[in-house]
Structure formats: structure tokens, C-alpha cells
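**Student:** What follows is a structure written as C-alpha cells; I'll ask about it next.
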Amino acid sequence: MAEIRVGSFKKINTELISAAKTIAEKTGGNILVATVGDGIDQAIEEAKSYPVHKIFAVKDPVLARYSTQGYASALEAVIKEADPAVVLFGATAMGKDLSARVGARVDAALMTDCTEVDFEDGALKVKRPVYSGKVYANVVSTNEGVKMASVRPNIYPSSDKSGESAEVVEVSVSISEDQIGAVVKEIESTSAGKKDVTEAEIIVAGGRSLKSEENFKILEQLADTMGASVGASRAAVDAGYAPHSQQVGQTGKVVNPKLYIACGISGAIQHLVGMRTSKVIVAINKDANAPIFQHADYGIEGDLFEVVPLLTEEFKKMLGA
């Protein structure tokens with residue numbers, strides 16, 4: 001299931017194609033892509049450049065913006081038309097919402113927030129974190145019908161483009177706004193031009209130690225230099241230093257970047273839930289006993305107000321920014 005935002009083909013889709021490829025290579029099956037929305041021709045053209053066999057498209061002005069019921073009806077129609085063995089979603093806000101509704105409609109086995117997917121002997125096998133990421137569960141679906149899984153962003157590499165052109169199959173769905181319980185009228189971006197923390201490969205995050213919204217600008221300067229996104233702990237968000245859209249943790253967003261720089265974050269379990277699967281974790285804290293150091297790959301014991309500007313200057317030199 002492809003995610004399309006403002007007509008663009010999101011990065012998570014290319015990762016799902018890579019995940020699907022691992023299954024297709026074992027089963028000899030084809031990779032199919034489902035696209036839903038209005039004004040999605042450009043996204044479909046981009047999808048055609050990847051190693052996929054068919055692209056199923058549901059186009060309707062009613063589906064211009066995401067709605068659970070509208071998109072569920074569209075994807076249900078695609079599943080009946082395509083008859084897939086496995087359906088993959090991104091473990092994003094949209095993917096988690098949509099997969100549950102569609103899974104119930106088509107009586108599918110659904111496994112969520114997966115960090116690994118595989119297919120053997122007719123069974124979908126996945127690995128997923130449980131107990132706030134303290135352990136991993138290996139789950140096997142032996143359901144005879146369609147199997148579904150949502151995959152965490154930044155787990156699989158983006159698929160290479162194949163230069164081929166997949167067949168596009170248009171699927172008709174009869175749906176009206178009256179059939180949709182809630183309709184999104186407008187989407188207002190709070191961080192224009194910047195990646196959401198769930199999609200970012202590098203995140204610079206701050207905690208309550210920043211002391212003010214104004215002080216978060218030093219993190220933004222470092223993030224801009226590195227091409228990163230800015231995250232925040234719940235304490236920082238509750239204090240009004242950063243918007244909730246940047247919150248990482250149990251009551252915020254789960255992220256999986258290549259590099260996570262935690263600035264003035266103590267490392268409470270609620271925050272670790274959201275970022276402990278990061279590939280490399282760097283902690284900056286003047287408290288040598290802060291729990292975050294137990295989970296960091298690299299630690300800097302020092303005042304973030306001194307360390308972060310120094311890092312910014314060094315990265316500027318390295319990157320020629």
C-alpha cells in the first residue's frame with residue numbers, strides 16, 4: 001500500500017518495495033503496488049520506475065485526502081481485484097490506522113510494527129518489538145487467507161529504480177462523502193520543507209534541559225547543517241518548548257533513524273520506547289549518571305549549550321556548509 005502525500009510518492013513506499021522483494025524472490029511472486037487518491041498521476045509515474053509488476057490505482061476526488069473509511073473501501077476493492085498473498089503497509093500513522101480497518105474487512109492476519117518480514121512454507125514470518133522494545137517476538141501467520149504486516153520506516157533500504165514501466169490497472173470504487181464518517185477538509189504543515197521525524201535518517205532531539213523554546217534554535221542550527229530533523233522529549237513538549245509533532249516516545253512517535261543525537265535527555269523508559277532501535281545513538285548530557293548513557297553508542301559528558309554549537313561548527317567545516 002503506497003502512501004501519497006500532496007501528489008508525491010513517499011520514501012516509505014520504496015522501503016516497502018525492498019521488503020516485498022525479499023518475499024517475492026522466495027515465492028516467485030510479483031510485487032504489486034496499490035495507489036489511492038486524487039491527482040496521483042505523478043506518483044504513479046514514479047512508482048512505475050521501480051521493480052514492480054502492476055500498479056493498482058483508485059482515483060476519486062472524494063479520496064483527495066486520507067480518510068479511514070474511504071481508503072479502506074478503496075484498498076478492499078484492490079485486494080479483491082489483485083488477490084495478493086501478503087499486503088505490506090508502512091508502520092506510520094496512516095499505515096497503522098488503515099491496516100487495522102482493512103484487515104478486519106478482509107479477515108486478514110495482521111502483524112504490526114515489524115522490523116523484519118519473511119515468507120516460508122506458505123507462512124508470513126515477522127520480527128516485532130514488544131514490552132517497549134525490551135525484547136523481540138518472532139511471529140508466524142499460518143492463516144490461509146491474505147496476510148498483512150506494517151513495517152517500521154528506515155528498516156529496509158530504499159529500492160533501486162529498475163527503469164522498467166509497470167502496467168497500471170485502474171479500479172473503480174463507488175463512494176461518496178456521505179459514506180465517510182469524518183472528512184479532512186485541510187492539511188496544514190507545521191514544518192514546511194522538513195522531513196517528519198518518523199522519516200528522518202538523522203534526528204537531533206532535545207529535552208527539558210533546553211529550558212525554553214528559544215533555546216531549541218541551537219538544535220535547529222545543528223539539524224539544518226546535517227540535513228536532520230528536530231525531535232523532542234515529552235518533558236520538552238509539555239513545557240511548550242517544541243510542538244507535539246516533534247515528540248518522540250511512548251506518547252509521541254516511534255523513530256528509527258541512522259543517527260539519533262539526544263541533547264539534554266535523561267533517557268526515561270518512555271522516551272527510549274520511541275528511539276531505542278536507532279542505528280547509532282549519541283547522548284549529550286552533563287549528568288554522568290543519566291540513564292541515556294547506558295543505551296548510547298557514544299556519550300559526551302558536558303553542557304549541551306557548549307557542546308552543540310561546537311558540533312555545529314565542526315559539521316559545517318566537514319560538510320562545507
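**Student:** Can you tell me how much longer the chain between LYS316 and ASP107 gets when fully stretched, taken as 0.36 nm per residue apart minus their C-alpha distance, in nm with one decimal?
**Tutor:** On the way: separation 209, 0.36 × 209 = 75.24 nm, distance 5.29 nm.
Going from the current span to full extension adds 69.9 nm.
**Student:** Can you give the alpha-carbon Rg of the chain over 2.2 N^0.38 Å, where N counts its residues? Mind showing how you got there, number by number?
**Tutor:** Working: Rg = 20.9 Å, N = 321, 2.2 N^0.38 = 19.7 Å.
So the Cα radius of gyration is 1.06 times the expected 2.2 N^0.38 Å.
**Student:** Using label points projected 7 Å from each Cα along Cα→Cβ, tell me how many nm separate LYS127 and VAL6, to one decimal.
**Tutor:** A separation of 3.6 nm, rounded to one decimal place.
**Student:** Please identify the longest segment of the chain free of exposed trypsin sites (Lys or Arg not before Pro), where exposed means a DSSP state other than H, G, I, E or B and no more than 13 other Cβ atoms within 10 Å.
**Tutor:** Values: sites that count: LYS134, LYS161, LYS185, LYS258, LYS279.
My reading of the result: 1-133 is the longest stretch.
**Student:** Follow-up. Rg and Dmax of region 202-319, using alpha carbons, in Å: what are they?
**Tutor:** Considering region 202-319 through its Cα atoms, Rg and Dmax are 12.6, 37 Å.
**Student:** To the nearest 20 debye, what charge dipole does region 247-321 have about its Cα centre, counting +1 at the Cβ of each Lys and Arg and -1 at the Cβ of each Asp and Glu? Each step should come with its number before you reach the end.
**Tutor:** Details: 7 positive and 7 negative charges, 82 e Å.
Dipole magnitude for region 247-321 comes out near 400 debye.
**Student:** Full-extension gain between SER174 and GLU144, please, as 0.36 nm times their residue separation minus the C-alpha to C-alpha distance. Intermediate values should be presented prior to the final figure.
**Tutor:** On the way: separation 30, 0.36 × 30 = 10.80 nm, distance 2.88 nm.
Gain in length upon complete extension: 7.9 nm.
**Student:** If you don't mind, there's one more thing I want to ask. In nm, what is the difference between 0.36 nm times the number of residues separating ILE269 and SER162 and their Cα-Cα distance? Spell out each step's value before the answer.
**Tutor:** On the way: separation 107, 0.36 × 107 = 38.52 nm, distance 4.23 nm.
Once the chain is fully extended between ILE269 and SER162, it gains 34.3 nm.
**Student:** Please go through region 96-150 and write out the GluC sites (Glu not before Pro) that DSSP classes as loop and that have at most 15 other C-beta atoms within 10 Å.
**Tutor:** Values: sites: GLU116, GLU120, GLU144; in loops: GLU144.
Listed in order of number, the matching sites are GLU144.
**Student:** Shifting gears a bit: Within region 193-300, list the GluC sites (Glu not before Pro) lying in a DSSP loop whose Cβ has at most 15 other Cβ atoms in a 10 Å radius.
**Tutor:** Details: sites: GLU199, GLU201, GLU213, GLU214, GLU220; in loops: GLU199, GLU201, GLU213.
Filter output for region 193-300: GLU213.
**Student:** Another question, if that's okay. Mind listing the long-range amide H neighbours of GLU3? Cut-off is under 5 Å, sequence gap 5 or more, other chains count too, H placed in the peptide plane at 1.01 Å from N.
**Tutor:** LYS10, ASN13
**Student:** If you don't mind, another one. Quick one: which residues, 5+ away or cross-chain, put their amide H under 5 Å from the amide H of PHE56? H built at 1.01 Å from N.
**Tutor:** For PHE56, whose amide H was placed from the backbone, the distant partners under 5 Å are VAL33, ALA34, THR35, VAL169.
**Student:** Which far-off residues, 5 or more places away or on another chain, put their amide H under 5 Å from the one on MET111, with H placed in the peptide plane?
**Tutor:** Counting only residues 5 or more places away or on other chains, the set is MET148, ALA149, SER150.
**Student:** Oh, and also: Which distance in Å, rounded to a whole number, links the C-alpha centroids of region 165-235 and region 48-111?
**Tutor:** Each part reduced to its Cα centre gives a spacing of 21 Å.
Rule-based calculations on the coordinates, nothing more; no lab input. All values derive from a computational prediction rather than experimental measurement. A quick note on method: Cβ atoms are made from the backbone with ideal geometry, for glycine too, and the neighbour counts reach across all protein chains shown.
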